[in-house]
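A.B. asks: Let me give you the structure first, and then I'll get to my questions.
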Amino acid sequence: MLVIAVDDGPAPLTVSDHIAHLGHEVVLAFETPGPSPLVGKYSAGAMFESLDEAGVEILQMAVATEIRPNEVEFAHAYSRRRFTVDGIDSVVLVAGGIGNDALYRAVSSHHPDTHLLGDAFAPRRMTYATKQAFELAQLI
Ligand SMILES: Cc1cc2nc3c(=O)[nH]c(=O)nc-3n(C[C@H](O)[C@H](O)[C@H](O)COP(=O)(O)OP(=O)(O)OC[C@H]3O[C@@H](n4cnc5c(N)ncnc54)[C@H](O)[C@@H]3O)c2cc1C
C-alpha cells in the first residue's frame, strides 16, 4: 500500500502507522526533503520508532505524477527525474487537514461572544494556536 503525503503535519505518519499495524506493507512518500517537516524532532521520535518497527518504507523528495494500476510514477521534487514504484495494490492520499469546529458551532448559536481558534480554526502548529489565543486574550 502506498501513502502519498501532501501534508506537512503529523497525519501522514499516524495514518501510515495505523495501516501498517493492520498488517499492510506500507510505502510512505513525501514531496519534502524530510518526512512531516512541521512535526518537531522531539515529537516525531516515537512516531518514527513505531513506523520503523512496522517496516514502513519512507520515500523523500518524491512527487506523485501518475497513479496507474499496480504502480505509481514519481518525479524527484527538485531534479524532476522520473521513477516508478510498483507492486502497489492501493493508494491512500493524505492531503491536508480540516479543522473540527463542531463545538464552536454548537456553542456560538447560544453565546454570540464565542471565538474560534487553534486547530479548530485551521490545523497547524502549536505556536499558531498559542499566538492566536494570546492575541485574542489581549482583545477581549
Ligand atoms: C501527533 C501530533 C504531533 C504533533 N506534533 C507537533 C509538534 O511537534 N509541534 C507543534 O508545534 N505542533 C504539533 N502538533 C500540532 C499541535 O498539537 C496542535 O497544533 C495544537 O495542539 C492545537 O492546539 P488546540 O488547543 O487548538 O487544539 P487541541 O490541542 O487539539 O485541543 C483541543 C481540545 O478540545 C477537546 N475537544 C474537542 N472537541 C470537544 C468537545 N466537543 N467537547 C469537549 N472537548 C472537546 C479535545 O479533546 C482537545 O483536548 C502535533 C499534532 C499531532 C496530532
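Only the coordinates and a few stated rules stand behind these numbers; no lab work does. As the structure is a prediction and not an experimental result, all values here were calculated from the model. So basically every Cβ, Gly included, is an ideal-geometry build from the backbone, and we count neighbours across all protein chains shown.
A.B. asks: Just want the ordering: Lys41, Lys131, from fewest to most Cβ atoms lying within 10 Å of their own Cβ.
C.D. replies: Lys41, Lys131
A.B. asks: I'd like the orientation of helix 11-21 relative to the chain: the angle between its Cα long axis and the longest Cα principal axis, in ° from 0 to 90, rounded to 10.
C.D. replies: Taking Cα atoms only, the helix is inclined about 50 degrees.
A.B. asks: Have a look at the DSSP beta bridges in region 1-94 and tell me what percent are antiparallel, nearest 5.
C.D. replies: Beta bridges within region 1-94, antiparallel portion: roughly 50 percent.
A.B. asks: Considering only Ser108, Leu51, Leu28, whose Cα is most displaced toward the positive end of the charge dipole of the chain, charges sitting on Cβ of Lys, Arg (+1) and Asp, Glu (-1)?
C.D. replies: So the residue we want is Ser108.
A.B. asks: For Thr32, enumerate residues with amide H under 5 Å from its amide H, sequence gap 5+ or separate chain, H modeled in the peptide plane.
C.D. replies: Met61, Ala62
A.B. asks: Give the residues of region 35-67 whose amide nitrogen is closer than 14 Å to a point set 7 Å from the Cα of His76 in the direction of its Cβ.
C.D. replies: From region 35-67, the list is 60-63.
A.B. asks: Taking neighbour Cβ counts within 10 Å as the exposure measure, how do Phe74, Phe83 sort from fewest upward?
C.D. replies: Placing the least packed residue first, the sequence is Phe83, Phe74.
A.B. asks: With a ≥ b ≥ c the root eigenvalues of the C-alpha gyration tensor of the chain, is it rounded (a/c under 1.5), prolate (a/b larger than b/c) or oblate?
C.D. replies: Prolate, since a/c reaches 1.5 and a/b exceeds b/c.
A.B. asks: Once you list every other residue whose beta carbon is under 14 Å from the beta carbon of Ser90, what net charge do they have if Lys and Arg are +1 and Asp and Glu are -1?
C.D. replies: Result for the neighbourhood of Ser90: -3.
A.B. asks: I've got another one for you. Round to the nearest 10 and give me the degree value, 0 to 90, for the angle of helix 41-53's Cα axis relative to the longest principal axis of the chain.
C.D. replies: Once rounded, one gets 40 degrees.
A.B. asks: Also: Any idea what angle helix 126-139 forms with the longest principal axis of the chain, computed on alpha-carbon atoms, 0 to 90 degrees, nearest 10?
C.D. replies: 20
A.B. asks: Taking only C-alpha pairs under 8 Å that are 6+ residues apart, what is the relative contact order of the chain in percent?
C.D. replies: The normalised contact order for the chain reaches 23 percent.
A.B. asks: Please arrange Leu51, Leu93, Leu22, Leu139 by how many other C-beta atoms lie within 10 Å of their C-beta, fewest to most.
C.D. replies: Listing Leu51, Leu93, Leu22, Leu139 from fewest to most nearby Cβ atoms yields Leu139, Leu22, Leu93, Leu51.
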